[in-house]
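Since the structure comes first, as structure tokens, the remarks are kept for the end.
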Amino acid sequence: MFLAGLIRALHQRLTRAANDEVTYQQMLHLDDHLLKDIGVYRDGGRIRSLSGESSLSTVVTTTPASKPAAAQSVSAACC
């Protein structure tokens with residue numbers, strides 16, 4: 001019983017980490033105006049919630065190595 005619970009908890013953590021990484025990669029391609037529209041903002045390479053809540057599963061705080069060129073061109077072309 002204990003081992004099954006441990007395996008289940010590990011699986012849930014790994015699944016959430018993978019989902020957070022996918023979400024972060026998808027948000028990298030959005031410009032700052034679109035991020036604000038969905039309630040988040042870019043702060044020093046991190047994606048944070050506008051509401052200040054840190055426990056949101058959709059807010060990912062992984063710092064990227066660098067911003068992709070496609071995302072840079074979108075930001076520069078807007079407004």
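The C-beta contact set for the range 20-41 (first residue closer than 16 Å to E53 by Cα, second residue open to solvent by 80 Å² or more (accessible area, probe 1.4 Å) and part of a helix (DSSP H, G or I), distance under 9 angstrom, 6+ apart or interchain) comprises Y41/D32. Name every residue in the range 12-34 that is of a type in the set (A, V, I, L, M) and touching a strand residue (DSSP E or B) at 6+ places or on another chain (Cβ under 7 Å), in order of residue number. Scanning the range 12-34 gives a single hit, M27.
The values are calculated or read from the model by the stated rules, or taken from the named source; none is laboratory data. Computed from a prediction, not measured in an experiment: that's the story for all the values here. Heads up, the Cβs are rebuilt from the backbone with ideal geometry, glycines too, and the neighbour counts pull from every protein chain shown. Please note that ligands, DNA and RNA were not included when accessible areas were found on the heavy atoms of the full protein model with its side chains. Shrake-Rupley method; radii C 1.70, N 1.55, O 1.52, S 1.80 Å.
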